[in-house]
Each structure stands twice: as C-alpha cells, then as structure tokens.
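To keep things clear, I will list the structure first and then write my remarks on it.
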Amino acid sequence: LIEFAFAFTSILVANFIFLRGYDWWVDFRTSLRRAKLAHSASGKRLEELIDEIESSLVVLK
C-alpha cells in the first residue's frame, strides 16, 4: 500500500510539472506570435480596422 501511495504521488507530481512546463511553453510561443504580429504590416492594418469599427461596437453594449 505504501508503494502504491508513493507511486501515485510521484505520478501526480510528474504530471503537474509536465503540465506547468507545457503551459509556460504555450504562453511563451503565443507571446512571440503576438509580438511578431504587432510589429508587422498586417498587425498595423488590424489595429486600424479595430479602431474603425470600435465606435460601431459601442452601440451594441
């Protein structure tokens, strides 16, 4: 029973470490993609389009 509890706890800790690392990696990659978009011509165009429709969206509130 003690071996099972130790193995189970070890698996839980390993899963937690893996998921935390995966989450941090995904967040890092997403932030890189956002930064790349923000500094591109497409990103500037996206900001312009959002500014254009922003006043129209206020009516929907």
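The values are calculated or read from the model by the stated rules, or taken from the named source; none is laboratory data. Not measured: the values here are computed from a predicted model. As a convention, Cβ positions derive from the backbone with ideal geometry for all residues, glycine included, and neighbour counts pool all protein chains shown.
Could you tell me which numbered condition Val13 fails, if it satisfies all but one of (1) modelled with pLDDT under 95; (2) surrounded by 10 or more Cβ atoms within 10 Å (Cβ to Cβ)?
(1) is the only condition that Val13 fails.
Does Leu37 count as modelled with pLDDT of 95 or more, outside any loop (DSSP other than H, G, I, E, B) and touching a Gly at 6+ places or on another chain (Cβ under 8 Å)? Give the derivation first.
On the way: modelled with pLDDT of 95 or more: yes; outside any loop (DSSP other than H, G, I, E, B): yes; touching a Gly at 6+ places or on another chain (Cβ under 8 Å): yes.
In short, yes.
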